[in-house]
Amino acid sequence: MNKTGPREVEVVVVGAGQAGLSSAYHLRRAGYEPDRDFVVLDHSPRPGGAWQFRWPSLTYGKVHGMHALPGRELTGADDSLPSSEVIGAYFAEYEDAFGLRVHRPVEVSAVREGPRGRLWVESSEGMWAARALINATGTWDRPFWPRYPGQETFRGRQLHTADYPGPLEFAGQRVVVVGGGTSGVQHLMEIAEVAAETTWVTRRPPLFREGPFDAARGREAVARVEERVRRGLPPQSVVSVTGLPMTAAMERARATGVLERLPMFDRITPAGVTWADGRGVDADVIVWATGFRAAIDHLAPLRLRESGGGIRVEGTRAARDPRVHLVGYGPSASTIGANRAGREAVREIRTLLTEPGDGITGGPGSHHVDSPSQHAVAAAV
């Protein structure tokens, strides 16, 4: 790192999960060289994005809709192995195959306005000065914990999906699982096999989807998430509007009563949870499968948020700053969505950096004497 000032690059990519690696791949395809024209900063200790932190019992065979990264399929994976292991190895191989040179572990603390129209990216590795930023930080680092009266008095254990260890730690215990998404249902079904008792609680009645999920329904779901983002509201997950696919395992759980849902409780007591009508359930553990929020606090100095609390995005571009692109945010917060958004972000950034008169003109290699080796890029991708 340059000790006398920030290191200058064309683009900084923050995050090396599906969204970040897709973006880095498309930057290479466009002729941008890693560590010269762009840099990828990732806070995780190893390749794998958020997948590396998934619980051991989430095997690869249980993963819903993992879409391959662009340019390289995931083949021959053992469905019985933990998804963290399978996808972590795949991401590591992908980084090596395309020479993406991810910097890790690097924490990005803030992105600020710098001189000469550049964005200054403050990190544990030092300062980077970029003409554009691709934010691909996902949501895993911001688990959402709802607050309920009496929560601090509970004598048992409370944990979130982000800390879920797998079902064996709940053997013989009374467990309340809160949340109607994919993770909540997965937790509930496997905990029910070893627990003394399980109770499933959701804020809204869960929506199960039976039958095929065709392209038209998929486009409709993404459009609903996209509309929130265009209005500057915090994004919902795509799953929240598509519903849960009814699998054979879910059918069995429903038949045995495991998927009998109760409405959200009103209060947490030292011994469990209670409802306003006087009902109560004793519990040893409360598992909060209540989702995550976008990890974008480091962008706060740029004042990108709208009054609704979210960042208004047009395509992948932040409406308040065309240099900032959010990939894996809102409608692109899925593996296939992140791939497409990575390509779109790079296309828009190339246009931005080559437009005359914007104060940040230039393309890959423009601030160097030599341009990128197109032969090397072609060989890599």
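Rundown of residues vs (1) modelled with pLDDT of 95 or more; (2) under 18 Å from ALA110 (Cα atoms), yes/no style:
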position	(1), (2)
GLY291	no, no
ALA294	no, yes
LEU299	yes, yes
LEU304	yes, yes
ILE311	no, yes
GLU314	no, no
LEU326	yes, yes
SER334	no, no
Discussion item. Yes or no: segment 46-57 includes at least one residue that is under 30 Å from LEU188 (Cβ atoms) and of a type in the set (S, T, N, Q).
Written reply: yes
Item to complete: Might you check whether a residue that is buried (at least 19 other Cβ atoms within 10 Å of the Cβ), in contact (Cβ under 8 Å) with a residue 40 or more places away in the chain, under 26 Å from the mean Cα position of the chain (by Cα) and closer than 20 Å to PRO56 by Cβ occurs anywhere in segment 190-202?
Response: yes
Worksheet item: Can you tell me how many residues in segment 163-179 are more than 18 Å from LYS62 (Cβ to Cβ) and buried (at least 20 other Cβ atoms within 10 Å of the Cβ)?
Response: 3
Practice prompt. Starting from segment 104-123, keep only residues that are assigned by TED's automatic domain parsing to the domain that holds VAL11, then list their pairs with residues that are acidic (Asp, Glu) whose Cβ atoms are within a distance under 6 Å, requiring at least 6 positions of separation or different chains.
Written response: ARG104/ASP42; VAL106/GLU125; SER109/GLU122; ALA110/GLU122
Worksheet item: Somewhere in segment 297-309, is a residue out of contact with any Asp or Glu (no Cβ under 8 Å at 6 or more places or on another chain), of a type in the set (A, V, I, L, M) and farther than 22 Å from ASP42 by Cα?
Response: no
Discussion item. When you check GLU197 against the structure, is it modelled with pLDDT of 95 or more, in contact with a Lys or Arg (Cβ under 8 Å, 6 or more places away or on another chain) and not small (Gly, Ala, Ser), yes or no?
Written reply: yes
Worksheet item: Are there any pairs, at least 6 apart or on different chains, whose C-beta atoms fall under 8 Å, with the first in segment 77-91 and under 12 Å from VAL63 (Cβ atoms) and the second in a helix (DSSP H, G or I) and of a type in the set (S, T, N, Q), and if so, which?
Response: SER84/GLN52; ILE87/GLN52
Worksheet item: Can you name every residue in segment 116-159 that is over 19 Å from LEU326 (Cα atoms), among the aromatic types (Phe, Trp, Tyr) and either within 24 Å of the chain's Cα centre (by Cα) or surrounded by 17 or more Cβ atoms within 10 Å (Cβ to Cβ) (or both)?
Response: PHE144, TRP145, PHE154
Worksheet entry | Within segment 164-190, tally of residues that are touching a strand residue (DSSP E or B) at 6+ places or on another chain (Cβ under 8 Å) and charged (D, E, K, R) | 1
Worksheet item: Looking at VAL194, is it in a strand (DSSP E or B), in the same structural domain as PRO270 (by TED's automatic domain parsing) and among the aliphatic types (A, V, I, L, M)?
Response: no
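The values are calculated or read from the model by the stated rules, or taken from the named source; none is laboratory data. As the structure is a prediction and not an experimental result, all values here were calculated from the model. Glycine gets a Cβ as well: all are built from the backbone with ideal geometry, and neighbour counts include every protein chain shown.
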